[in-house]
Amino acid sequence: MKQKVLLLVLFAVLLIFPKVVNPYLLSVGTLILYLAYTGQAWNVMMGFAGQLSLGHSLYVGVGAYAAAAIFVHYGIGPWAGVWLAIAVCVAIGAAIGFLAFRFGISGVYFALLTIAFAEFTRIGFDHLNWTGGSGGLFLKVAQRDQIDLANFRGPPEMYYYSILILVFAALVLCNYLLKSKAGYYWQAIRENEEAAQALGINTFRWKMLAVVISSAMTAVSGVFFAFYYNNLFPEQIFHISRSIEIILAPIIGGVGTLFGPILGAVVLTVLSDSITELLAYFGWEIPGIKQVFYGIVLLLVIMFLPHGIWPPLARKLGLAK
Amino acid sequence: MPLDLVVNVTIAGVLTGMVYGLMALGLSVIFGVVRVVNFAHGEMMTIAMYAAVSLFAAFQLDPFLAAIPVAAGFFVLGYLLQAGLINPFITRPEHSQFMLMVAVAIIMVNGMLIAFGPDARNVQIAYQLESWEIGKILLDKPRVYAALMAAATSAALFLFFKLSLTGKAIRACADNHLGALVVGLNVKHLYALTFGLGAACVAVAGCMMILFLDVTPSLGPSYTLLAFIIVIVGGLGSLTGALLGGVLIGLSEALAGLFIQPSAKSMFCYGLLILVLLFRPQGLLGKKS
């Protein structure tokens with residue numbers, strides 16, 4: 001009950017947020033929601049099923065490029081493009097998952113395999129002329145004053161509300177998944193794969209399902225990325241630092257929890273922006289100093305809150321079951 | 001394509017590969033014993049490169065001599081890093097260890113950005129461009145010295161693990177953590193020692209790399225990935241495997257740069273990594289677990 005009231009309050013605040021803030025804060029809010037959604041997608045694979053992917057930028061990038069390329073070349077809008085993005089990403093995810101799980105690759109080796117595929121794709125896109133190669137792919141900048149829903153072009157609020165809907169949908173989906181049969185099987189696999197297998201769980205099939213769902217969800221965030229930022233460079237979108245950015249929010253917030261990715265995205269973005277503000281206030285604007293502080297805070301959180309911020313917070317608020 | 005060009009590029013690739021091998025050896029030793037993947041490995045090498053640059057700027061110290069104090073400093077830093085930060089994470093899940101090393105890497109990269117600025121630095125030694133000519137074959141002096149230094153450092157590490165009592169104790173920890181605890185080995189101290197040794201390897205490699213490569217603060221991540229590729233190809237935890245992998249990658253990078261587009265050369269490396277992971281995940285020389 002308490003949980004539901006809090007959730008309603010949270011979404012009411014998020015709904016009126018664009019009406020009361022300036023454009024800068026609106027873009028920060030959009031970024032937070034983007035990170036929350038993408039982190040939720042990653043969480044399905046790692047947090048639920050225990051498969052550590054360090055190459056999720058692959059799905060963001062391929063999803064973004066798939067939808068953007070058919071938009072730029074053939075004028076096909078994102079409502080069709082998103083399905084292409086999902087189809088391609090699911091195919092890639094299923095292929096990687098199939099190879100990895102068939103050959104019994106897990107743990108660190110699986111993580112490195114996902115990095116290898118992401119980096120391989122990055123260099124591939126650098127040399128793919130159809131999508132502009134390393135020079136980048138650019139979408140025509142949107143008319144910011146009118147909403148063109150068919151082509152997903154419009155003012156910043158439109159992007160804010162659409163990513164908010166995605167975050168909410170992902171939350172509902174993940175809540176359902178966790179309580180479904182798949183959710184329990186995944187958690188069994190995450191905790192002890194051999195034991196799960198001994199109980200008769202077809203671990204291969206359920207791990208595949210986790211990869212497929214996660215890559216499909218991440219593909220959608222790639223499409224959002226493409227139409228929100230309007231420019232794509234392989235060097236940026238596939239880079240390992242992008243994958244790290246994706247997984248920071250759920251890890252800081254709490255791996256495997258529903259609210260961890262959202263809370264983590266809020267904490268990290270607010271932290272990063274307030275460090276910038278504080279340093280500007282004290283006049284310490286040396287390049288790199290902000291990231292050093294960011295790194296130190298990250299280090300402290302991971303040292304002292306091994307399960308992330310959400311689980312202890314939920315206990316404090318009396319929300320834990 | 002003239003044959004002597006191919007031969008010269010091959011030799012340069014193998015010699016650079018020896019230095020790559022030493023760098024990866026550090027990663028392999030740390031993973032093989034401590035079972036933590038050092039995601040800040042390339043960043044550590046970058047710091048060693050800056051240390052060599054600074055020593056050269058301040059005292060005109062040749063990087064081959066600078067390697068000794070830099071390695072000693074890295075040994076101490078590595079020991080402290082393991083003892084202070086990483087040891088408590090030994091029993092934590094992999095993503096937790098990964099985040100820890102990512103945080104360390106972020107601090108390292110940006111610490112260097114603050115200290116040295118974003119511009120590329122290098123070292124100009126007197127014999128930088130000297131070479132030996134044997135017929136049409138050219139041997140760059142710095143490359144040959146660097147490869148010899150890498151071979152000597154690796155040999156010293158091998159002998160340490162093979163012959164010394166401490167080396168044997170570290171191997172015991174790697175083989176059986178619980179068993180090592182039971183017979184009363186100070187595992188945490190040995191882990192820290194191992195991390196120190198791995199750091200010293202990467203320090204020597206960094207001092208050699210500065211002869212072929214300009215250093216910038218953002219160089220780290222790509223060399224972390226390169227070190228991974230090498231140790232996976234050679235076999236995580238296998239010492240000879242790391243050296244072999246280094247030579248293989250150095251060679252294939254050089255030849256790929258010659259025969260296909262230079263910018264596509266690392267795609268070849270990642271392709272190789274994917275194949276090895278799928279068909280021989282224990283690496284070319286690794287033992288099956």
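The values are calculated or read from the model by the stated rules, or taken from the named source; none is laboratory data. Small disclaimer: the values here were computed from a predicted structure and weren't measured. A quick note on method: Cβ atoms are made from the backbone with ideal geometry, for glycine too, and the neighbour counts reach across all protein chains shown.
Couple of notes before you dig in:
- Here the condition is being assigned to a helix (DSSP H, G or I), more than 18 Å from A:LEU300 (Cβ to Cβ), more than 14 Å from every other protein chain (Cβ to nearest Cβ) and over 22 Å from the mean Cα position of the chain (by Cα); of B:ALA58, B:ALA126, it holds for B:ALA58 alone.
- A:PHE227 vs. criteria touching a strand residue (DSSP E or B) at 6+ places or on another chain (Cβ under 9 Å) and either part of a helix (DSSP H, G or I) or surrounded by fewer than 24 Cβ atoms within 10 Å (Cβ to Cβ) (or both): yes
- Filter result for A:ILE246 (buried (at least 19 other Cβ atoms within 10 Å of the Cβ), within 10 Å of chain B (Cβ to nearest Cβ) and of a type in the set (A, V, I, L, M)): no
- Residue in segment B:89-110 that is surrounded by the fewest Cβ atoms within 10 Å (Cβ to Cβ), counting only those that are more than 24 Å from B:TYR223 (Cβ to Cβ) and more than 7 Å from chain A (Cβ to nearest Cβ): B:THR91
- Set side by side, the residues B:LEU129, B:LEU139, B:LEU148, B:LEU113 differ, and just one is at pLDDT below 90 and closer than 29 Å to B:SER218 by Cα, which is B:LEU129.
- Residues considered: B:SER266, B:SER218, B:SER222, B:SER252. Of these, the only one that is more than 13 Å from every other protein chain (Cβ to nearest Cβ) and part of a helix (DSSP H, G or I) is B:SER252.
- In segment A:87-109, the residue that is farthest from B:PRO281 (Cα to Cα) out of those that are of a type in the set (Val, Ile, Thr) and more than 14 Å from every other protein chain (Cβ to nearest Cβ) is A:VAL88.
- Whether a residue is in contact with a His (Cβ under 9 Å, 6 or more places away or on another chain) and under 25 Å from A:ILE251 (Cβ atoms) was assessed, and A:LEU58 does not pass this test.
- Search result, residues across segment A:1-14 that are more than 21 Å from the chain's Cα centre (by Cα) and surrounded by 10 or more Cβ atoms within 10 Å (Cβ to Cβ): A:GLN3, A:LEU6, A:LEU8, A:VAL9, A:ALA12, A:VAL13
- Residue pairs meeting the criteria (Cβ under 6 Å; at least 6 apart or on separate chains; first more than 30 Å from B:ILE90 (Cα to Cα) and modelled with pLDDT under 95, in segment B:4-33; second assigned to a helix (DSSP H, G or I) and of a type in the set (Lys, Arg)): B:LEU15/B:ARG143
- If you go through segment B:210-256 and pick out every residue that is of a type in the set (Ser, Thr, Tyr) and in contact with a Gly (Cβ under 7 Å, 6 or more places away or on another chain), you end up with 4.
- Candidate set from segment A:115-132 (those that are more than 10 Å from chain B (Cβ to nearest Cβ) and assigned to a helix (DSSP H, G or I)); member that is nearest to the chain's Cα centre (by Cα): A:PHE125
- As for segment B:187-195, it holds at least one residue that is in contact with a His (Cβ under 9 Å, 6 or more places away or on another chain) and surrounded by fewer than 24 Cβ atoms within 10 Å (Cβ to Cβ).
- Of all the residues in segment A:145-171, those that are surrounded by 13 or more Cβ atoms within 10 Å (Cβ to Cβ) and outside any helix (DSSP H, G or I) number 5.
- Residue within segment B:62-69 that is assigned to a helix (DSSP H, G or I), within 14 Å of chain A (Cβ to nearest Cβ) and of a type in the set (A, V, I, L, M, F, W, C) present: no
- Residue in segment A:284-301 that is out of contact with any strand residue (DSSP E or B) (no Cβ under 7 Å at 6 or more places or on another chain), hydrophobic (A, V, I, L, M, F, W, C) and more than 14 Å from chain B (Cβ to nearest Cβ) present: no
- Within segment B:137-165, the residues that satisfy the criterion of being in a helix (DSSP H, G or I) and either more than 18 Å from B:VAL29 (Cα to Cα) or of a type in the set (Asp, Glu) (or both) are B:LYS141, B:PRO142, B:ARG143, B:VAL144, B:TYR145, B:ALA146, B:ALA147, B:LEU148, B:MET149.
- Unique residue being touching a Cys at 6+ places or on another chain (Cβ under 6 Å), farther than 17 Å from A:ILE247 by Cβ and touching a residue at least 12 places away in the same chain (Cβ under 8 Å) when the list is A:VAL72, A:VAL82, A:VAL88, A:VAL62: A:VAL62
- Any hit, segment A:191-210, residues being basic (Lys, Arg) and surrounded by fewer than 20 Cβ atoms within 10 Å (Cβ to Cβ): yes
- Test result for B:SER28, closer than 29 Å to B:GLY250 by Cα, more than 14 Å from chain A (Cβ to nearest Cβ), part of a helix (DSSP H, G or I) and of a type in the set (Ser, Thr, Tyr): no
- Being surrounded by 13 or more Cβ atoms within 10 Å (Cβ to Cβ), over 17 Å from the mean Cα position of the chain (by Cα) and not hydroxyl-bearing (Ser, Thr, Tyr) is a description that does not apply to B:VAL183.
- Within the option set A:ILE32, A:ILE86, A:ILE70, A:ILE105, being surrounded by 15 or more Cβ atoms within 10 Å (Cβ to Cβ), in a helix (DSSP H, G or I) and over 19 Å from the mean Cα position of the chain (by Cα) holds for one residue only, A:ILE70.
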